[in-house]
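A.B. asks: One structure is given below, represented as structure tokens, and several questions about it will come after.
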Amino acid sequence: MQLITTKKALFEVVSHAKSTGKTIGFVPTMGALHNGHLTLVKRCVSENDLCFVSVFVNPTQFNDKNDLANYPRTLEADAQLLASVGCQFVFAPNADEMYDAEEMQKPFEFDFGGLDEVMEGRFRPGHFNGVVQVVSKLFQLVQPTRAYFGEKDFQQLAIIRRMVTIMNFPVEIVGCPIVREESGLALSSRNALLTPEQRQLAVHISQVLKESCLFALETPVHELHDALVAAVNAREGLEVEYFEIVDGKTLQPIEKWEETNDIVGCITVYCGKIRLIDNIRYK
């Protein structure tokens with residue numbers, strides 16, 4: 001496996017791959033890799049001639065400087081994991097390699113079509129501007145045939161699909177199911193920040209989501225919403241930031257189950273000071 005840290009070196013590798021007709025699979029990450037990431041990478045390896053993974057903690061998508069400072073950085077361990085599952089190239093630039101001073105200071109502008117006005121966008125202003133900024137840069141550099149994203153970041157996946165359409169990137173976006181621990185807890189790099197007690201507590205989030213499916217469609221949407229929020233908040237140490245039951249394509253909240261055949265419940269919960277996200281498909 002080859003570790004690449006500069007855009008120039010990456011350009012040379014990608015140019016050679018393209019000239020020889022190789023298909024390129026790509027998994028963008030911020031590192032601190034876990035089995036959820038590795039599931040994406042394994043699929044990428046199996047479906048393409050070459051697998052590229054980026055490891056870059058993107059400063060422009062953090063609206064909380066403390067969150068950026070505390071984000072785990074484990075490049076050496078990440079590289080070993082990636083090599084073990086067949087990844088051929090890791091692109092791990094620093095911020096100065098990815099951005100000039102103007103890009104770091106000036107907010108990136110993009111027409112989200114309203115996808116950024118709900119859920120994460122409401123509570124993390126500017127977050128998705130940074131996501132689109134870095135992913136569009138990475139797509140230009142890597143020129144992937146296919147790119148792989150986890151469905152745990154459901155809103156992000158919808159926004160990436162819109163970005164590809166608007167910016168005319170010739171790349172297939174592959175959404176991959178949430179990977180969970182045996183307990184049901186959705187895998188996340190942020191789980192590494194949880195204490196053992198908090199990790200046990202956080203399992204309650206996925207349990208409540210799963211149980212809600214048993215009676216969801218027979219319960220008015222607003223009643224299900226309120227009952228689920230109350231059930232999560234009933235556990236000391238957990239606090240729901242938002243829970244939205246939305247159209248899976250537009251991400252707009254629904255009022256009745258009959259409105260669409262694509263319905264997802266998206267939740268963000270603070271476990272202590274650690275912010276965790278999850279979702280469940282109802283239809």
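A.B. asks: Just checking, how many residues over the range 15-33 are in a helix (DSSP H, G or I) and either surrounded by 13 or more Cβ atoms within 10 Å (Cβ to Cβ) or in contact with a Cys (Cβ under 8 Å, 6 or more places away or on another chain) (or both)?
C.D. replies: So the count comes out to 2.
A.B. asks: Which condition from (1) in a loop (DSSP other than H, G, I, E, B); (2) touching a residue at least 24 places away in the same chain (Cβ under 8 Å) is the one that Arg275 breaks?
C.D. replies: The single condition Arg275 does not satisfy is (1).
A.B. asks: Could you tell me which of the residues Glu223, Glu258, Glu244 is in contact with a helix residue (DSSP H, G or I) (Cβ under 9 Å, 6 or more places away or on another chain), of a type in the set (Asp, Glu) and not assigned by TED's automatic domain parsing to the domain that holds Gly113?
C.D. replies: None of the other options fit; the residue is Glu244.
A.B. asks: To continue, here is another question. Under the condition of being closer than 24 Å to Tyr71 by Cβ, at pLDDT 95 or above and in contact with a Phe, Trp or Tyr (Cβ under 8 Å, 6 or more places away or on another chain), which residue from the range 174-193 is surrounded by the fewest Cβ atoms within 10 Å (Cβ to Cβ)?
C.D. replies: Gly175
A.B. asks: Test Gly130 against the stated conditions and say whether it is without any contact (Cβ under 8 Å) to a residue 60 or more places away in the chain, out of contact with any Lys or Arg (no Cβ under 9 Å at 6 or more places or on another chain), part of a helix (DSSP H, G or I) and in the same structural domain as Ser15 (by TED's automatic domain parsing).
C.D. replies: no
A.B. asks: Collect the residues in the range 87-115 that are part of a loop (DSSP other than H, G, I, E, B) and among the small types (Gly, Ala, Ser), keeping them in residue-number order.
C.D. replies: Selection gives Ala92, Gly113, Gly114.
A.B. asks: Would you mind finding the one in Val203, Val208 that is part of a helix (DSSP H, G or I), over 20 Å from His37 (Cα atoms) and among the hydrophobic types (A, V, I, L, M, F, W, C)?
C.D. replies: Val208
A.B. asks: When you look at Phe123, is it closer than 30 Å to Ser46 by Cα, among the aromatic types (Phe, Trp, Tyr), in contact with a strand residue (DSSP E or B) (Cβ under 7 Å, 6 or more places away or on another chain) and touching a residue at least 12 places away in the same chain (Cβ under 8 Å), yes or no?
C.D. replies: Considered against the rule, which asks whether it is closer than 30 Å to Ser46 by Cα, among the aromatic types (Phe, Trp, Tyr), in contact with a strand residue (DSSP E or B) (Cβ under 7 Å, 6 or more places away or on another chain) and touching a residue at least 12 places away in the same chain (Cβ under 8 Å), Phe123 comes out as no.
A.B. asks: Turning to a different aspect of this structure: Taking the criterion of being in contact with a Cys (Cβ under 9 Å, 6 or more places away or on another chain) and exposed (fewer than 15 other Cβ atoms within 10 Å of the Cβ), would at least one residue in the range 50-58 satisfy it?
C.D. replies: Looking for residues that are in contact with a Cys (Cβ under 9 Å, 6 or more places away or on another chain) and exposed (fewer than 15 other Cβ atoms within 10 Å of the Cβ), one finds none in the range 50-58, hence no.
A.B. asks: Related question: Given the criterion without any contact (Cβ under 8 Å) to a residue 40 or more places away in the chain, under 30 Å from Lys273 (Cα atoms), more than 16 Å from the chain's Cα centre (by Cα) and in a helix (DSSP H, G or I), identify the matching residue among Glu76, Glu12.
C.D. replies: None of the other options fit; the residue is Glu76.
The values are calculated or read from the model by the stated rules, or taken from the named source; none is laboratory data. Since we're looking at a predicted model, the values are computed, not measured. No Cβ is skipped: glycine too gets one built from the backbone with ideal geometry, and neighbour counts run over all protein chains shown.
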